[in-house]
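Peer 1: Here it is: the structure, laid out below.
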Amino acid sequence: TLSPSSAASDVYKRQMASASASAMSCDNPRNAYDRTYCASLKMVQSDQDINDQYKKTMSALNPDQKKKVKAAQIQWIKNRDSACSNDGLLYLDCANEKTEARIVILKAVERECRAAGCDDAKLSQVE
């Protein structure tokens, strides 16, 4: 026999499996809940992407250059958080847009530093 908690767990698992089978596509979210879900997935992926790119960028720099990029990154985080949150709420689209833009900057810094040498102004670029 199943205990009440394991029976409830089985019902929950079946409901989740059913929901997954009819899951929407983030290419065409059906409503605000779907859009929020998809934006949160994008945020998780973008967070991983920016962390990976930050490491790649830092690997191309000398210690003094790393200090400048780290300071710019900290300032960027403060700016993003200030612009994309209010009273405990996070605006996912805003955070995603700012993260994607920052990844572009970090890629440009890495590419430039590996190819031709670093421009100090770009190392300190926040946005």
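The values are calculated or read from the model by the stated rules, or taken from the named source; none is laboratory data. None of these values were measured; they are calculated from a predicted model. When we count neighbours, we look across all protein chains shown, and the Cβ atoms used for this are built from the backbone with ideal geometry, even at glycine. Surface areas here come from the heavy atoms of the whole protein model, side chains and all, with no ligands, DNA or RNA. Shrake-Rupley method; radii C 1.70, N 1.55, O 1.52, S 1.80 Å.
Peer 1: Can you tell me which of Lys122, Lys98, Lys78 is open to solvent by 70 Å² or more (accessible area, probe 1.4 Å), modelled with pLDDT of 95 or more and among the charged types (D, E, K, R)?
Peer 2: Lys78
Peer 1: Right, another one. Answer with yes or no whether Lys98 is assigned to a helix (DSSP H, G or I) and more than 30 Å from Arg35 (Cα to Cα).
Peer 2: No; evaluated as a whole, the condition is false for this residue.
Peer 1: I'd like to know if the range 55-73 contains one or more residues that are out of contact with any Leu (no Cβ under 9 Å at 6 or more places or on another chain) and closer than 28 Å to Cys38 by Cβ.
Peer 2: Yes.
Peer 1: Just to be sure I understand the filter: pairs with C-beta atoms under 6 Å, separated by 6 or more residues or on different chains, first member in the range 105-118 and on the phi < 0 side of the Ramachandran plot, second member small (Gly, Ala, Ser). Which pairs pass?
Peer 2: Pairs found: Glu110/Ala60; Cys113/Ala60; Arg114/Ala60.
Peer 1: Kindly check whether there is at least one residue in the range 59-74 that is among the hydrophobic types (A, V, I, L, M, F, W, C) and either in contact with a Gly (Cβ under 8 Å, 6 or more places away or on another chain) or in contact (Cβ under 8 Å) with a residue 60 or more places away in the chain (or both).
Peer 2: Yes - at least one qualifying residue is present in the range 59-74.
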